[in-house]
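Report on the following structure.
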Amino acid sequence: MDKFQNKLNFDFKANQQILKLISYIDSFKGKWNIVEQKENVYLKELRRIATIESIGSSTRIEGAQLTNEEIKELLDNFEITKLKTRDQQEVVGYYDVLEIIYESFIDIPISKNFIQQLHQRLLKYSTKDDRHRGNYKNLSNKVIANYPDGTQKVIFNTTEPHLVENEMTALIDWTNQQLKIKEIHPLVIIGLFIYEFLSIHPFQDGNGRLSRLLTNLLLLKNDYQFIQYVSFENLIEQKKKSYYEALMDGQKDRYTDNERINSWIIFFLSSLGTLIQRLEQKYDVFKSKGGYLNDRQKRIKEFIEIEQPIKLADLVKAIPEISIHTLKKDLQYLKTEQIIASIGKNRGTIYMIKE
């Protein structure tokens, strides 16, 4: 048994828990991929919201202070020359890499070269990181938890600089090989990769942020598309204590034959399960409110909800300031987005909210 698989040598109870979680996640994955093929407008807005949450949470975990609202305003208006604070620089760097991953995950290989490129892009705007971005560390570092009151706590020590190259090469090779031969479930492989990446902490700074970006990349590459629409980073921010405890449970036996990462794998999979529940709730609420509709379309939807079934003539009478041509287009849009349904043809057509 190789050194990585030894860390996955769990007891019966842990294995059963892991199998149950994987079954739940994979069942949802199949259902969600069908949803994604049909309803792009809702998903576009959900992804925008999740992106803001992810950027905010992942940078705050590392000590940044910007709120989600401040981040939204920054991304809507930023110019590179105006990124004066480190918080602003980190936010824009994270946004850049997240968008690259969302748009190009199929073409991004899991390799030393591309991981270093993503790290370089992550710290692109961070002036104090000029010397080391994109390169493995040359000084020892530690995993440090940052708390809201400004205090810090050392969670665990990491791989020494002279060992990083070999450990990262071994991890990348093992991950690619296992994803290819499919003997271990991809979610377990991804969980192990993230645990090892954090244990190695290969870069001088930005490891926590990059680990969460790589989580998104690996999940997308393995067809867990739903991760774009709900924030894994936000959940980690809320469960920071459990997150660090799960990592520490394996880390305490680092470099021994007793190192097991069942606590981390269960935490990772349980987190994905929680994200699924959040996404289902968000999607249902979002859809019931009309999703990505402009104010005029929301007004039409609300009128139909109250007065249904209605005819076009009823809308023309109720909202005379909007042209009949525009009303027809809005009704067609609401039908396309499966918000309303229609029966009949031409002037006899009636409209109602779709069940």
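Given a 10 angstrom Cα cut-off, can you work out which residue in D76, D129, D253 is the most mobile in a GNM of the chain?
Its mean-square fluctuation being the largest, the pick is D76.
Helix-only estimate, please: 222 nm mean residue ellipticity of the chain, summing -39500 (n - 2.57) across DSSP H runs of length 4 or more and dividing by its residues, to the nearest 500.
The helix contribution divided over the chain gives -20500 deg cm²/dmol.
Simple spin-label model, 7 Å along Cα-to-Cβ: A318 to D26 in nm?
The modelled label-to-label distance comes out at 4.8 nm.
Take N294 and Q5, extend 7 Å from each Cα along the Cα→Cβ direction, and tell me the distance between the two endpoints in nm.
For N294 paired with Q5, the spin-label model returns 5.9 nm.
For region 109-212, what class follows from the C-alpha gyration tensor (a ≥ b ≥ c being the square roots of its eigenvalues): rounded when a/c is under 1.5, otherwise prolate if a/b is larger than b/c, else oblate?
Values: a/c = 1.85, a/b = 1.46, b/c = 1.27.
Prolate, since a/c reaches 1.5 and a/b exceeds b/c.
Here are a few candidate values for Cα Rg over 2.2 N^0.38 Å: [x] 1.10; [y] 1.17; [z] 0.96. Which one was actually calculated from the structure I just gave you?
Recomputing Cα Rg over 2.2 N^0.38 Å here picks out [y].
Evaluate the distance, in nm, between pseudo-label points positioned 7 Å from the Cα of I144 and of D173 along their respective Cα→Cβ axes.
About 3.4 nm separates the two model spin labels.
Which trypsin sites (Lys or Arg not before Pro) in region 85-151 pass both tests, a DSSP loop state and at most 14 other beta-carbon atoms within 10 Å?
Working: sites: R86, K112, R121, K124, K128, R131, R133, K137, K142; in loops: K124, R131, R133, K137.
Listed in order of number, the matching sites are R131.
Return the long-range amide H neighbours of I155 (sequence gap of 5 or more, or a different chain), with a cut-off of under 5 Å between placed amide H atoms.
V143, I144, A145
Pick from L235, L21, L315: which is most flexible by mean-square fluctuation in a GNM of the chain where alpha carbon atoms under 10 Å apart are linked?
Comparing L235, L21, L315 in a Gaussian network model of the chain, the most mobile one is L315.
If you stretched the chain out fully between T85 and Q338, how much longer would it get, using 0.36 nm times the residue separation minus the C-alpha to C-alpha distance? Please report the intermediate quantities before stating the final value.
Details: separation 253, 0.36 × 253 = 91.08 nm, distance 4.44 nm.
Additional length available on full extension: 86.6 nm.
What's the tally of Lys pairs in region 295-353 whose alpha-carbon atoms lie under 19 angstrom apart, where the two lysines are 8 or more places apart or on different chains?
Close lysine pairs under the 19 Å cut-off: 19.
Hey, what's the per residue convex hull volume over the C-alpha atoms of region 295-353, in cubic angstrom?
Numbers: hull volume 4.2 nm³, N = 59.
That works out to 71 Å³ per residue.
How would you order 259-270, 2-13, 183-194 from highest to lowest mean count of nearby Cβ atoms within 10 Å? List each step's numbers first, then the result.
Details: 259-270: 21.3, 2-13: 13.7, 183-194: 19.6.
In decreasing order of mean packing, 259-270, 2-13, 183-194 become 259-270, 183-194, 2-13.
If I build a Gaussian network model for the chain, linking alpha-carbon pairs within less than 10 angstrom, which residue out of I304, I172, I144 has the largest mean-square fluctuation?
Top of the fluctuation ranking is I304.
Taking +1 at the Cβ of each Lys and Arg and -1 at the Cβ of each Asp and Glu, which of V164, N141, I184 sits farthest along the dipole of region 133-185 towards its positive end, judged by Cα position relative to the Cα centre?
N141
Give a residue-ordered list of calculated ³J(HN,Hα) values for region 27-32 (Karplus: 6.51 cos²θ - 1.76 cosθ + 1.60, θ = phi - 60°; whole Hz; x for Gly, Pro).
Taking θ as phi minus 60°, the curve returns 5, 5, 3, x, 5, 5 Hz for region 27-32.
FYI, it's all coordinate maths here, none of it is from the lab. As the structure is a prediction and not an experimental result, all values here were calculated from the model. With ideal geometry, Cβ positions are generated from the backbone for all residues, glycine too; neighbour counts draw on all protein chains shown.
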